[in-house]
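Have a look at the structure below before the remarks.
Derivation of every value follows stated rules applied to the coordinates shown; laboratory data play no part. None of these values were measured; they are calculated from a predicted model. Virtual Cβ from ideal backbone geometry, glycine too; neighbours counted across all protein chains shown.
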Amino acid sequence: PTQAAAVVACQDFCRQAVERRAGRKKWFGKRDVLPGVGLYLDGGFGVGKTHLLASAYYQLPGTGPDAPTCPKAFATFGELTQLAGVFGFADCIDLLAHYSALCIDEFELDDPGL
């Protein structure tokens with residue numbers, strides 16, 4: 001039952017992320033992008049968190065013709081830590097701020113040396 005609830009939560013997350021990225025209409029046809037939405041998947045080893053995260057990644061826009069204007073990223077926590085080490089934390093945030101989604105896998109590893 002908890003895996004089914006996680007699937008529903010991911011579907012809801014994808015819907016909200018697309019709606020918020022589209023923003024709300026302002027005067028003269030301009031749009032105001034709304035603050036982002038987040039989802040944290042927690043569970044033991046082998047329950048399907050990475051698979052579900054990858055499915056959410058592919059469900060969201062950001063590949064194909066929309067990619068240049070609406071990029072998204074899928075990375076491990078270690079990879080993002082390296083990115084912050086190269087560019088610095090503030091520049092890393094600026095670099096990723098315009099992404100429609102940032103899917104972070106292996107966020108809380110018990111043994112990062114694996």
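Note on A5 and A54: their simple-model spin labels are 2.6 nm apart, each label 7 Å out from Cα toward Cβ.
Tell me, what is the FRET efficiency for A22 and L102 to the nearest 0.05, using R0 = 22 angstrom and their Cβ-Cβ distance as r? Calculated transfer efficiency: 0.80. Full extension of the chain between L39 and E79 yields a length gain of 12.5 nm, computed as 0.36 nm times the residue separation minus the alpha carbon distance. Per-residue packing, averaged as other Cβ atoms within 10 Å, sorts the ranges 73-81, 40-48 into the order 73-81, 40-48, beginning with the highest.
Placing a pseudo-label 7 Å from each Cα along the Cα-to-Cβ vector at V47 and R15 gives an inter-label distance of 2.3 nm.
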